[in-house]
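Worksheet for the structure shown next.
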Amino acid sequence: MYVAIEAQGGVYGGGMVYCVYFIVLVLFGNYTLLNVFLAIAVDNLANAQELTAAEEADEKANEISDDTDSLEDQYGQDGELAIDAEGRLADDMPDFDEDEMEDEESPFGGPKPMVPFSSMFIFSPTNPIRVFVHGIVSTKYFEMIVMAVICMSSISLAAEDPVNEDNPRNKVLQYMDYCFTGVFACEMFLKLVDQGILLHRGSYCRDFWNVLDGVVVVCALVGFGFSGTSGAAGKNLSTIKSLRVLRVLRPLKTIKRIPKLKAVFDCVVNSLKNVFNILIVYFLFQFIFAVIAVQLFKGTFFYCTDKTKRYANECHGQYFVYDKQVS
């Protein structure tokens, strides 16, 4: 605002009138109109989501009523209707989602149920090795140990000295990182044996958080392999750093293991859709006011590099003159 006033002749030269534009822009543009439109947009989005949920509920209710009518038309006797309806309902029951089953424990406090598929074409659900591994992975002590290792790994990442790589503290932390990576690799291997790799529901690679854990572990192992070689790849520090930088994703492993953190993360991800729509409205208003400002003040926001000059007619520029300047 002050630059615009000075560009239009200063306070005593008629430029003070242009401050009205900026006052109106701030008070009514940013503080009033923009907030009102954003509130309306958020409210409309919430109403649209409620209407969508209500429509889906109505559709499900209509489907159930249609199925009931078809059963009544097909069977006339009460005994046959009960038998056939029971069989029909048993066939139409939705399949259990192994992903949800993996995330929930048994209501009796026991271990999680095993995925009823063969693991890696080797371990059947009754294989003693897989049963033993499943018993280890499903215990709360296993999760507690992994959580403790995640916390210690996060502390070690924060304790590294990024400036002086030859710091003795970094040497100690590097050996600790070997131990942490070994623990995470063992966790990954045990879960692969228990859940399988990819082909069936409930397998290891069908969960986003497991894929993230696997990528971090594999990149850490590859980085250790490069650092242990004596060739050109081992001396290429940029390659090693680019792989080891993924270690910062290890603290994200806690999100899956703490239900409240996972709920917050899911809420943030789902809210990004609404935030994106609101940002579109915000950028539209910014574009409108930017076009107005350019049309009103285009070419007038110049300034003089000589601070002793106040007006445009006094500013003649400045330049350097060298003793041995060649023209």
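Laboratory data are not the source of any read-out in this text; all were calculated from the coordinates shown. If you're wondering where the values come from, they're calculated on a predicted model, not measured in any experiment. Here the Cβ is made from the backbone with ideal geometry for all residues, glycine too, and neighbour counts use every protein chain on show.
Electrostatic tally near L252: other residues with Cβ closer than 14 Å to its Cβ, Lys and Arg +1, Asp and Glu -1, net +3. For S154, the shell of other residues with beta-carbons less than 10 Å away shows a net charge of +3, using +1 for Lys and Arg and -1 for Asp and Glu. Pairs K112/K262; K171/K260; K191/K260; K112/K273; K112/K171; K171/K253: which are spaced more than 30 Å apart, C-alpha to C-alpha? From K112/K262; K171/K260; K191/K260; K112/K273; K112/K171; K171/K253, over 30 Å: K171/K260; K112/K273; K112/K171.
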